[in-house]
Every structure is written in structure tokens, then in C-alpha cells.
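Have a look at the structure below, then the notes.
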Amino acid sequence: MNRSIIAGGVILASLSGGSLPVSAETVPLTPQCLSETNALVRANTTQGKYILLPVQENAAPAHIRVLSDGRLDETLNITLAENRIDFYVPLRLDGRDGEEILLDIRTSHDRAHTRDTQNSLWSSEIKISDEFDTSNREKYRPAFHHTPLYGWMNDPNGMFYKDGVWHLSYQWNPYGSKWENMSWGHSSSKDLIHWEAQEPVLYRDALGAVFSGSAVIDKENTAGFGHDSVIAIYTSADASQVQSLAHSSDGGMTYERYAKNPIITYERESRDPNMFWDADNSRWVLLLASALDHEMLVFTSPDLKEWTLQSKFGKDFGAQDGVWECPDLLRLPIEGTDREKWVLICNINPGGPFGGSATQYFVGEFDGNKFVCDTPPEVTKWMDYGKDHYATVSFHNAPDNRTTVIGWMSNWQYANEVPTVQYRSANTLPRDLKLFEFIDGQTYLASVPSPEVDILRGTPKNYRPGKIGKGLKRFSLPSATDGLCEIDFDADLKNGSRLEITLSNQEGEKVVMTLNSEDDTFSMDRTSSGLTDFSEHFPCVTVAPAYNATGKYSVRIFIDRSSIEAFSYDGHFAMTNLVFPTSPYNSVSFSSPDGNAKVNSLTIYPLK
């Protein structure tokens, strides 16, 4: 059934089949070509709600200035179609009722003469319409992970929980499926699993593009915008990176920018502000990434508007490659004790354990002014040992004193090249965090799927595979969900033994995961997982310490259309990797090269 819903005045078709997103009710627009690099397109908002711009991913970028009744409203960069249309994107005309719209289009490449501009495909295919079709056209779009309806997405931003609703904003390019035109898209959910697309909340302004940031609920009206106002602080990026504030009186559905922006300036490139209320000192704390200096800056404020730099952390600590981004500072309980410690999250790119992007963390103490790490500078700890876990930060005001996080499920090494077009990138499953102490005397971060994930489960199939030898013990994945499932198993590995868990399909494509009790590791090999040749950095084997001294392992594996997330039941390891099989994986098999493994129980849940 092709059911459409209305979200914020925009018609959003259900994610069923479809072709290029162009409505039958369209009106062609005729560009006026002024030179080999410049054209004008005129329209009136009485003609439709959207100007549909045809995009070719590999075309040279064009710069478009959008004027409404002669005033400059918006600027954007877009790869307009030269000789092939990959998809359309909408330029929204809402809020410009009855106005004359002028697109001043400037191409970035030279042409022999004006006629070549007229012959470019976009000039004959640009249209205006009352509808924009978002029906899914991607075989790899996840079934149970958050994605944008269309366009590029990276870092999660401005995340909070209020009045029974989870809010997730995200870095978004509404005009293409590669990084550009950064703004904040917005989705909301009542259960942390099923997301509804909302109106975007922040677009570029005179201070620049809208980069990453966070949001809090100002319960005591410290900023003066009203009790329970939602306050967002984000990076404005243009010639420099500065920090700006916006506030919302309707629960984060719309924001108004603060008239005295920017509120924080710094002499070095800095971005991704993340703040929280420090109850011990009755003030706000904000972390800011000094990206190139590999430092996190700690600011404090009584009112979210005036900020004082208190300290810096990071010089020579942990992984120092690439840039430091997207900080978070959390106080977490240590399981099995009545103690707590602080965790400073630091996302880096490149410099991850297997190349490209990753999330490292530091455990220590925070006195309201300064973070002190427990471990020596040379120690590096990773939150997730896959290739596709980045920009992970927490939801403000999560219920029941939980610390709930979500990340971007991709890697900057190939994020622009993965085999999707209508949209790019998904978020990880939501995860709850805590700390645990291991036999080496260190304190580590545990990451488990949030309890809401369990609502996806269908009727399980239960098995007792028993002793595992060199031959394969094979089990079918649920056909009704095209192999989308959660696989849970308990395994007993004798000293030095290995257990191989293989996902495969009829095409011979496979992902091999290995539990190795000799070095206490879990690994995932996606070198033969399906489509891998879009980037030399994609085929890989990732390896995680399992932090298990018993030889008895309990593992959860979540399989979506283009991702695999694996966790130990206690959260002591987590691994997230994208995969692009040409047909769904339809079986899981177990084998043990040394014949010394036992799988005591296996449960396969179809995921709805």
C-alpha cells in the first residue's frame, strides 16, 4: 500500500517503490542564459511549493543564489545535471507566499559559448511542483535504523528527550547526497526506534553554514527565554568557525536565532559545542573541540550566553591523528559498585584503529573546571571497534537517569561513495552506556543496545547447536524479513579455541565473525561481504578486545539491509560495520577450526 502522510506541511510518501522523485503535476521552468557560466531562472510561488532541481552526482558544482522579491534568502551549492539525472532535490518555497523567486545560477566550469549552457540537461528539466516524492528507491536503505528521507546526513546534533519524545537533529544536505550545504534536519520518535521526519530546524545564515552542536532543556530559565525552553548551541562555519545560539519555545520544533550571535569565539579552529548542566556547581558546562590542536576546551556559564574558558584537555593524550571533533562529557556508574567516574568522548578523523573515523574516550575525574584522565597519555580506548561508528554523542535529559547515545554509521574514508544515491548514511542503533572494571585494573566503557530495540523482535526460533566442529552447522535466517534479524548466542570456548560465525547468501558473499579465546578477541571480516570495490578503504577485517576472562561468551548481532552491529551481552565490546550484499544474507553457520567450541543456545529473532 502506498500511504502518504503529512509532516510539517510536506507530503512524505511511504517508503515503497518509485522512480525519480518528480510529480506528474509539474510546470517546466525556462532558464535565461546570460553567459557561459551564468543563468537566471524565474518562478512565482503561486506556481507550486517546490522548485525541483535535477542532480548529477559527478557533475561540476554550481552556486545558486535564491532571491525572493529581490532579497537574498539562501545560497547553495549543487551538482546540476549535465547529461544524466541521478535524482531531483526540492528547493522549498514555503514561507514565500506570492513572491517572485529568482535563481541566480553560476556554474563553476568554463563553456565555449552560451548555447552549451542552454544544452545542459538541467536547463530543460528544472521544474516547479506542488509535490516532492520521497518514496524509497534504494535497496540498501535500512529497515530499522534512522535515515533521512533524502539527501546527505552525517553527525547527530541537538539531541534531547522531552515530554515523552526523543528529538534527533542531524547534519544534513538537502540538495545532494554528498557533504555540502550543512544545515540541521530533524526527526522525532516516541520510542527511539520509529522516527518521523519533521521540518528542518536550522539553515545557513549570514554567519555561515550550520555545523554540529547540542541542545538542552533550560528548566530554570537561566538564559531568559522561558522555563523549559530548548537551547541549541552550534558551530557557524564560514571564513572562521564561531559558536551560535538558537532557542525554541515549542519543544524544539522550530528555533529562533539569538540576536547577539556569535556567543563564543576562539582564535583557533573550534567546533561542535556540547553542553550540560553541572548540578554540583549550579552552572552550565560546555565542551568545544579545538580540532587541529587535538584538545577539548572546557567552558562554564551561568546563563548559556556568556561563557568562560576554564581549562583544556588532550595534548598528547590518546590517538592524535587527524582532527578531534564532537566531544561529550558524561558521568557514568561503574557496574557492580556504588561508584561513578567521568568519561570524555572524543571523535577523531582520521586515526581510527582500522583507518578513517572512530570514537575514542577517556575515563577520569571532573571537578567542574578541569578533566583529569586516569590513564597515561599513550593509552587509547575505543568505544566501538568497527569501521562505521563516528560522531557519537548523548541525548540530553534521557529518562530514568540513562545515558543514551547514537552515532553516525559511516566513515569519512568512503561516506561520499557508498552505493546509495537518494540518501546517504544512517545512524547506529541507540545505545546505553555504563562503565566496568576489568582484571587489568582499568575502567572501560560498556555499550549495550537501548532496551527500546527489543520492540523490533518478532517470534523467535530457538536452537541448541551443541558441540561445534570443523564442519559448518548452518541455520536459516528469517525469509519473511529478507534476513533482517537479531542473532543471540551463548558460546563456551575452551582455552585457545576459536568459533567462526558466518553470514552468507546464495551469491557466495559472506561476513565471517570470529571469537578467539586465545587472545580474547572478536573480529569481523567483510572483505567478501558483497559490493566492496567503491573504495579501496572498504574491504577490511576489524578486531575488538572482548574483555572476557571466562571463555564463556554471549553475543548479540543485528543485521539490517546494509549494516551489522555486534555486541557482547554485557556491552564489553561493540562493533559496527556497513555491508552491501547483492542479495540478503539468508543463513548463519558456526564452525570451529580446532573443534573445541560449544554453542549452548542460539536464538534468531526476525526484526519487524
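Data for the structure
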item	result
Every residue from the stretch 250-292 that is open to solvent by 40 Å² or more (accessible area, probe 1.4 Å), touching an Asp or Glu at 6+ places or on another chain (Cβ under 8 Å) and farther than 17 Å from H396 by Cα	T254, R257, R268, L292
Selected residue (only one of G471, G466, G483 is out of contact with any Gly (no Cβ under 9 Å at 6 or more places or on another chain) and at pLDDT below 95)	G471
Whichever residue in the stretch 549-594 is among the basic types (K, R) and under 24 Å from Y444 (Cβ atoms) and, among such residues, is most open to solvent (accessible area, probe 1.4 Å)	K552
Unique residue being farther than 30 Å from P54 by Cβ, in contact with a Pro (Cβ under 6 Å, 6 or more places away or on another chain) and open to solvent by 10 Å² or more (accessible area, probe 1.4 Å) when the list is V165, V242	V242
Filter result for the condition that a residue is at pLDDT 95 or above, surrounded by 14 or more Cβ atoms within 10 Å (Cβ to Cβ) and farther than 29 Å from N274 by Cα, over T443, T404, T428, T420	T420
Every pair of residues 6+ apart whose Cβ atoms lie under 7 Å, when the first sits in the stretch 590-608 and is over 18 Å from P478 (Cβ atoms) while the second is among the β-branched types (V, I, T) and open to solvent by less than 30 Å² (accessible area, probe 1.4 Å)	S591/I468; S592/I468; A597/I468; K598/I468; V599/I468
Matching entry among W172, W179 (being surrounded by fewer than 18 Cβ atoms within 10 Å (Cβ to Cβ), under 25 Å from A60 (Cβ atoms) and of a type in the set (F, W, Y))	W179
Test set (1) over 25 Å from L192 (Cβ atoms); (2) open to solvent by 20 Å² or more (accessible area, probe 1.4 Å); (3) polar (S, T, N, Q) - T542 fails condition number	(2)
The lone exception for V453 - which of (1) under 30 Å from V393 (Cβ atoms); (2) part of a strand (DSSP E or B); (3) open to solvent by less than 30 Å² (accessible area, probe 1.4 Å) it fails	(2)
Pairs with Cβ under 6 Å, 6+ apart, first in the stretch 347-359 and touching a residue at least 12 places away in the same chain (Cβ under 8 Å), second in a loop (DSSP other than H, G, I, E, B) and of a type in the set (S, T, Y)	N349/S357
Pairs with Cβ under 6 Å, 6+ apart, first in the stretch 211-230 and free of Cβ contacts under 8 Å to residues at least 24 places away in the same chain and within 26 Å of G407 (Cα to Cα), second among the small types (G, A, S) and open to solvent by 10 Å² or more (accessible area, probe 1.4 Å)	S229/S249
Count of the stretch 112-131 residues which are at pLDDT below 95, part of a loop (DSSP other than H, G, I, E, B) and crowded, with 20+ Cβ neighbours inside 10 Å	2
Checking T404 against (1) free of Cβ contacts under 8 Å to residues at least 40 places away in the same chain; (2) in contact with a Pro (Cβ under 6 Å, 6 or more places away or on another chain); (3) among the β-branched types (V, I, T), the condition it does not meet	(1)
The lone exception for E509 - which of (1) open to solvent by less than 20 Å² (accessible area, probe 1.4 Å); (2) of a type outside the set (V, I, T); (3) over 27 Å from I406 (Cα atoms); (4) in contact with a Gly (Cβ under 7 Å, 6 or more places away or on another chain) it fails	(1)
Failed item, numbered, when T459 is tested on (1) buried (at least 18 other Cβ atoms within 10 Å of the Cβ); (2) among the polar types (S, T, N, Q); (3) out of contact with any His (no Cβ under 8 Å at 6 or more places or on another chain); (4) in a loop (DSSP other than H, G, I, E, B)	(1)
Tally of residues being open to solvent by 10 Å² or more (accessible area, probe 1.4 Å) and not acidic (D, E) across the stretch 407-417	3
Members of the stretch 479-506 that are open to solvent by less than 20 Å² (accessible area, probe 1.4 Å) and among the acidic types (D, E)	E486, D488
Verdict on T514 being more than 24 Å from V421 (Cβ to Cβ), at pLDDT below 95, open to solvent by 10 Å² or more (accessible area, probe 1.4 Å) and hydroxyl-bearing (S, T, Y)	no
Among residues of the stretch 24-40, those that are assigned to a loop (DSSP other than H, G, I, E, B) and more than 12 Å from S123 (Cα to Cα), counted	4
Cross-chain or 6+ apart pairs with Cβ under 6 Å, the stretch 456-482 first and in contact (Cβ under 8 Å) with a residue 12 or more places away in the chain, then open to solvent by 100 Å² or more (accessible area, probe 1.4 Å)	L456/K608; G458/K608
Qualifying residue in the stretch 225-234 (condition: acidic (D, E), surrounded by fewer than 20 Cβ atoms within 10 Å (Cβ to Cβ) and under 15 Å from F160 (Cβ atoms))	yes
Residue match in the stretch 229-241 (condition: farther than 29 Å from V66 by Cβ and not aliphatic (A, V, I, L, M))	yes
Qualifying residue in the stretch 72-91 (condition: surrounded by fewer than 16 Cβ atoms within 10 Å (Cβ to Cβ), within 18 Å of Q32 (Cα to Cα) and at pLDDT below 95)	no
Any chance L531 is hydrophobic (A, V, I, L, M, F, W, C) and part of a loop (DSSP other than H, G, I, E, B)	yes
Flag for S601 being modelled with pLDDT of 95 or more, at negative phi and open to solvent by 10 Å² or more (accessible area, probe 1.4 Å)	yes
Restricting the stretch 152-170 to residues that are outside any loop (DSSP other than H, G, I, E, B) and of a type in the set (D, E, K, R), the residue that is farthest from S212 (Cα to Cα)	K162
L433 vs. criteria assigned to a strand (DSSP E or B) and either within 30 Å of Y161 (Cβ to Cβ) or not basic (K, R) (or both)	yes
Odd one out for L67 among (1) surrounded by 16 or more Cβ atoms within 10 Å (Cβ to Cβ); (2) without any contact (Cβ under 8 Å) to a residue 24 or more places away in the chain	(2)
Hits in the stretch 46-63 - residues which are surrounded by fewer than 20 Cβ atoms within 10 Å (Cβ to Cβ) and closer than 22 Å to G208 by Cβ	P61, H63
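The values are calculated or read from the model by the stated rules, or taken from the named source; none is laboratory data. These numbers come from a predicted model, not from an experiment. Cβ atoms come from the backbone with ideal geometry, glycine included; neighbour counts cover every protein chain shown. When the accessible area is computed, the model is the full protein with side chains, heavy atoms only, and any ligands, DNA or RNA have been set aside. Shrake-Rupley method; radii C 1.70, N 1.55, O 1.52, S 1.80 Å.
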